[in-house]
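> Here it is, the structure, as structure tokens.
The values are calculated or read from the model by the stated rules, or taken from the named source; none is laboratory data. Note that the structure is predicted; figures quoted are calculated from it, not measured. Reconstructed Cβ throughout: ideal geometry from the backbone, glycine too, with neighbour counts over all protein chains shown.
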Amino acid sequence: MKRPALFLALLTLGASCALAAEAPLVTSVEGVGMTVSSMETSVRFFTETLPFTKVSDVELAGDVFEHVEGVFGARARVVRVRLGDETLDLTEYLAPRGRPVPDGSRGNDGWFQHVAIVVSDMDRAYEILRSRGVEHASTGPQILPEWNRGAAGIRAFYFKDPDEHVLEVISFPPGKGDPKWQRGGGLFLGIDHTAIVVKDTEASLRLYRDALGLRVAGGSENYGVEQEHLNNVFGARLRITSLRAASGPGIEFLEYLAPSDGRPYPLDSKANDLWQWQTRLATRDAEAAAKAVRPAGGRWISPGAVTAGATTTAQVRDADGHALVLISTN
């Protein structure tokens with residue numbers, strides 16, 4: 001090989017290695033889960049009040065499960081439900097039982113998390129939810145104002161499941177949201193994102209963007225009467241940052257600039273407590289992803305990465321306490 005050709009080949013090889021080294025640790029957001037008190041009640045809610053479909057039902061116990069969940073003696077029933085392309089895991093701890101959602105929980109409390117379910121027609125969706133007796137978390141559907149360029153025209157409504165978990169239905173006007181939501185296919189279409197309350201957006205970005213490799217997809221500062229009534233928090237002013245992996249639902253940061261009196265995520269939280277949500281992330285290397293959490297202010301739930309068969313799993317908390325399940329295939 002002539003020297004110029006050799007030089008170009010080495011440059012190409014170097015560039016390829018650099019790209020490989022910079023590939024994000026997280027390859028996709030696989031789904032979201034929550035801890036529930038009664039599986040039968042929750043399955044009825046998600047498949048009858050909402051049109052999710054039950055796709056699996058398993059009971060888990062043993063050393064691997066205990067270590068991943070960080071709950072000694074854990075035995076749980078896990079039901080996966082699907083809406084469109086996205087899934088939600090419902091976990092009922094048969095033993096040991098956990099604690100209920102704290103009384104008086106508000107949208108600016110540190111344990112707040114929700115999933116946003118896309119609907120094609122907000123008025124019809126709201127009418128159906130009201131006819132089925134859902135508990136309001138918003139005062140009613142809100143439409144975000146025109147001055148808010150990033151979110152103008154989006155309509156949203158918060159409501160609660162039987163365990164007081166907050167859920168959102170959201171509709172996007174033409175030109176906003178993932179283009180797939182404009183293709184139709186029914187009234188309830190799928191899960192667009194999960195949203196978490198964070199104390200400091202820049203600190204959270206150090207983990208989710210810089211360490212795990214999610215990309216920032218958008219952001220806005222939301223306030224005004226519509227936002228107050230949506231979140232049911234008087235005087236709400238939020239910095240909202242949306243992140244995405246290569247596939248799957250987004251992860252949205254909700255930083256309350258005001259009011260700043262939200263309660264922090266309880267330090268003694270366990271996976272069997274009913275305020276526990278889990279966001280499942282597929283990674284190139286679950287152990288490396290787990291190790292990246294601690295320098296960014298997070299902590300481990302599992303004692304590092306746990307391997308069973310061809311799968312390695314670690315569960316961690318971010319700097320605000322939200323649980324992430326990191327999964328890689330060996």
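> I need the full set of residues from segment 232-254 which are over 30 Å from Val71 (Cβ atoms), buried (at least 22 other Cβ atoms within 10 Å of the Cβ) and under 17 Å from the mean Cα position of the chain (by Cα), in order please.
Across segment 232-254, the qualifying residue is only Thr241.
> I'm trying to understand the selection: among the residues of segment 90-105, which are at pLDDT 95 or above and more than 18 Å from Asp268 (Cβ to Cβ)?
Leu90, Thr91, Glu92, Leu94, Ala95
> Same structure again: Kindly provide the set of residues from segment 169-199 that are in a loop (DSSP other than H, G, I, E, B) and within 17 Å of the chain's Cα centre (by Cα), ordered by number. Write out each step before concluding.
Filtering segment 169-199 for residues in a loop (DSSP other than H, G, I, E, B) gives 172-178, 183-187, 199.
Of everything in segment 169-199, those that are in a loop (DSSP other than H, G, I, E, B) and within 17 Å of the chain's Cα centre (by Cα) turn out to be Gly177, Asp178, Lys199.
> Checking Val216 against (1) assigned to a loop (DSSP other than H, G, I, E, B); (2) more than 19 Å from Tyr158 (Cβ to Cβ), only one condition comes out false. Which one?
So Val216 meets the others, but not (1).
> Of the residues in segment 300-316, how many are in a loop (DSSP other than H, G, I, E, B) and buried (at least 20 other Cβ atoms within 10 Å of the Cβ)? Talk me through it step by step, then tell me what you get.
If we filter segment 300-316 for residues that are in a loop (DSSP other than H, G, I, E, B), which is where we start, we get 301-305, 309-310.
After this cut, where a residue has to be buried (at least 20 other Cβ atoms within 10 Å of the Cβ) as well, the list is 301-302, 305.
Summing the residues that are in a loop (DSSP other than H, G, I, E, B) and buried (at least 20 other Cβ atoms within 10 Å of the Cβ) in segment 300-316 gives 3.
> Counting only residues that are within 27 Å of Ala290 (Cα to Cα) and in contact with a Gly (Cβ under 9 Å, 6 or more places away or on another chain), how many does segment 212-238 have?
Filtering segment 212-238 for residues within 27 Å of Ala290 (Cα to Cα) gives 212-219.
Among the residues that remain, those that are also in contact with a Gly (Cβ under 9 Å, 6 or more places away or on another chain) are: 214, 217-219.
Residues meeting the conditions: 4.
> Within segment 55-75, identify whether any single residue is in contact (Cβ under 8 Å) with a residue 24 or more places away in the chain, in contact with a helix residue (DSSP H, G or I) (Cβ under 8 Å, 6 or more places away or on another chain) and closer than 21 Å to Ile327 by Cβ, and answer yes or no.
Scanning segment 55-75 turns up at least one residue that is in contact (Cβ under 8 Å) with a residue 24 or more places away in the chain, in contact with a helix residue (DSSP H, G or I) (Cβ under 8 Å, 6 or more places away or on another chain) and closer than 21 Å to Ile327 by Cβ.
> If only one of Ala211, Ala156, Ala195 is in contact (Cβ under 8 Å) with a residue 60 or more places away in the chain, more than 30 Å from Pro24 (Cα to Cα), buried (at least 20 other Cβ atoms within 10 Å of the Cβ) and aliphatic (A, V, I, L, M), which one is it? Steps first, please.
On the way: Ala211 fails: more than 30 Å from Pro24 (Cα to Cα); Ala195 fails: more than 30 Å from Pro24 (Cα to Cα).
Every option except Ala156 fails the conditions.
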